[in-house]
Amino acid sequence: RSYADIAIERNPQFKKITKQDIDHFKTFLEPQSILATTDIGGTIDEAKELDGYNTDWLGKYKGRSQVVLRPKSTQQVSKILKYCNDQKIAVVPQGGNTGLVGGGVPVFDEVIVSLGSMNNIRDFNETSGILVCDSGCILEELDKFAAGHGFSMPLDLGAKGSCHIGGNVSTNAGGIRFIRYGSLHGSVLGLEVVLPDGTIVDNLGTLPKDSTGYDLKQLFIGAEGTLGIVTGVSIVTPPRPNSVNVAVLGVSSYDAVQKAFRKVRRDLAEVLSAFEFWDTRCMQIVLDHNNLRSPLEEEHPFYILIETSGSKKDHDDEKLAECLESLLENEIIDDGALAQDETQVSKMWSMREGIPESLGKWGPTYKYDISIPIGVLYDIVPEMANRLEQAGLYSKDPKTYESASKDDPNVVVKGVLGYGHIGDGNLHLNVVANRFDKKVTDVLEPYVYEWVASHKGSISAEHGLGLMKAPHLHYSKSKVIVDWMVRIKNAFDPNGIMNPYKFLPRTTTSSSN
Ligand code: FAD
Ligand code: S2G
Ligand code: ZN
């Protein structure tokens, strides 16, 4: 059942998996590609052996699927979907299971189709940098492959060690390099997708330019597995920069963060490859949990990480040094540290990339990944802190609740923190409690969604909708748009077997889910 008290009932139209179904899968899948519990003819004695597949990265969402299928080819995916569609068996496609909105795990007993066994690189062009690969390739593995040829993946995120390129495409992932390489809607040139009826749509183009009709692949980028299963990806990889600089800056206010952003963008221009920020609470938690020391003498209300990536070291060094000097002289920043070597570069990045994991270790975390006009982007953090304090769930004095544990009689909020990708206008508001509880959820929602809507923002910048935000889509998309999304969903998946209960508001989706 999901952590949020979302009243969902299992759709009775979906068939419960039986031994006959497993026997059918055995006619075309190798035994090791079928993980099913013994009561339906599988070899898994304890259902909890499937917990890793049934539970999301945050531990917030837990399904109770009895079967995980791990196909090795597009044809096998096609046979799985065709059968499940004919039998009205619900399916949830799963990549690296690092999603943060409950999209990649079952709500009830949906069959999990894991793409983990489809991880071959199909083609790479040394001149164009165009890579064609299976959707189950892990992002970090692809980046290592690309690096071997002097290229790099056009996206990077903290989950790179586990997330799949198919999951990145399906969530339209953004990440820390978005400011430099843009959206997957631009870097993905083609997709191979299997539709619910088993049709294989080979749209795996490798042409940077192709204006011949509706661009179908765009529908699957960000569809979160609700229209079909992505089995192949064609993506353009940029040349790997041979000179990378990273600096961490200390600033006194969110205003100063914006001033720094305006200046850094202008001064560093084409070599800027990341502009991340986080608040002082994030820094304390990430330093504590990872036994790290800040690169700056003092504590600051806000921290900025900037990265340059270019082709000429001394050119980049000069630009960056001048920019940092001017930021200090004009008192836009209070302090700054420039990484002197590879180790310091990765240390500085680990401060930023280590935030989600550190917060997760500190306690159950309510995550709100929102797009907001940059001027007011951080305002929601103090506003939410005040709201929680007024509700008697939080105290601005960190000492009050910072060590509250899940067994405390009262549910309390330990921290209200903000960090994210300023360059993309994307804030990660994180509220860490001692346990998930409706008392906290009710103070946070729908307030946060109403606040975002009142600032003409988006309730999901890069993590997608999943189960968590499906009921709230109307805060960011009009009825006309949502109705057309439902028509598209019904056109591709009339039986509603693909990742049901999620993504679209349940009241307006087709009857089947
Ligand atoms: P999963 O979690 O397995 O699935 C995600 C969704 O895609 C589900 O709805 C699933 O059904 C669907 N899906 C997966 N594979 C397929 C497929 N082949 N065909 C059809 N549907 C499919 N996200 C960002 O955007 N930016 C970040 O900076 C970022 N940082 C993160 C840091 C950490 C530490 C963690 C844990 C997560 C982070 N994420 C971030 C969220 C997550 O990593 C991304 O959403 C990622 O793209 C999910 O990929 P995945 O392979 O794990 O997909
Ligand atoms: C990031 C990761 C998830 C989160 O670190 O950029 O996308 O919100 C996030 O902690
Ligand atoms: Zn992010």
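The values are calculated or read from the model by the stated rules, or taken from the named source; none is laboratory data. Because the structure is predicted, anything quoted here is derived from the model rather than measured. All Cβ positions, glycine included, derive from the backbone under ideal geometry; neighbour counts span all protein chains shown.
Listing for the model above:
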item: Inter-residue pairs, beta-carbon under 7 Å, first without any contact (Cβ under 8 Å) to a residue 12 or more places away in the chain and in the stretch 138-164, second assigned to a strand (DSSP E or B) and more than 12 Å from ligand 1 (Cβ to nearest atom), 6+ apart; result: none
item: Failed item, numbered, when residue 441 is tested on (1) touching a helix residue (DSSP H, G or I) at 6+ places or on another chain (Cβ under 6 Å); (2) part of a helix (DSSP H, G or I); result: (1)
item: Only one of 341, 335 that is over 29 Å from the mean Cα position of the chain (by Cα), surrounded by 14 or more Cβ atoms within 10 Å (Cβ to Cβ) and not hydroxyl-bearing (Ser, Thr, Tyr); result: 335
item: Residue match in the stretch 459-481 (condition: outside the structural domain of residue 172 (by TED's automatic domain parsing), touching a residue at least 40 places away in the same chain (Cβ under 8 Å), in contact with a strand residue (DSSP E or B) (Cβ under 9 Å, 6 or more places away or on another chain) and surrounded by fewer than 20 Cβ atoms within 10 Å (Cβ to Cβ)); result: no
item: The stretch 401-439: number of residues that are within 30 Å of residue 255 (Cβ to Cβ) and among the hydrophobic types (A, V, I, L, M, F, W, C); result: 9
item: Selected residue (only one of 335, 397, 369 is more than 16 Å from ligand 2 (Cβ to nearest atom), acidic (Asp, Glu) and in contact (Cβ under 8 Å) with a residue 60 or more places away in the chain); result: 335
item: Any hit, the stretch 289-299, residues being outside the structural domain of residue 181 (by TED's automatic domain parsing), touching a Lys or Arg at 6+ places or on another chain (Cβ under 7 Å) and not hydrophobic (A, V, I, L, M, F, W, C); result: yes
item: Flag if residue 41 is touching a Cys at 6+ places or on another chain (Cβ under 8 Å) and among the small types (Gly, Ala, Ser); result: no
item: Residue check, residue 140 surrounded by 24 or more Cβ atoms within 10 Å (Cβ to Cβ) and either acidic (Asp, Glu) or on the phi > 0 side of the Ramachandran plot (or both); result: no
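The rows are residues; the columns are (1) in the same structural domain as residue 155 (by TED's automatic domain parsing); (2) buried (at least 18 other Cβ atoms within 10 Å of the Cβ); (3) within 15 Å of residue 280 (Cα to Cα).
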{"residue": "371", "(1), (2), (3)": "no, yes, no"}
{"residue": "381", "(1), (2), (3)": "no, yes, yes"}
{"residue": "396", "(1), (2), (3)": "no, no, yes"}
{"residue": "401", "(1), (2), (3)": "no, yes, no"}
{"residue": "410", "(1), (2), (3)": "no, no, no"}
{"residue": "417", "(1), (2), (3)": "no, yes, yes"}
{"residue": "440", "(1), (2), (3)": "no, yes, no"}
{"residue": "443", "(1), (2), (3)": "no, yes, no"}
{"residue": "452", "(1), (2), (3)": "no, yes, no"}
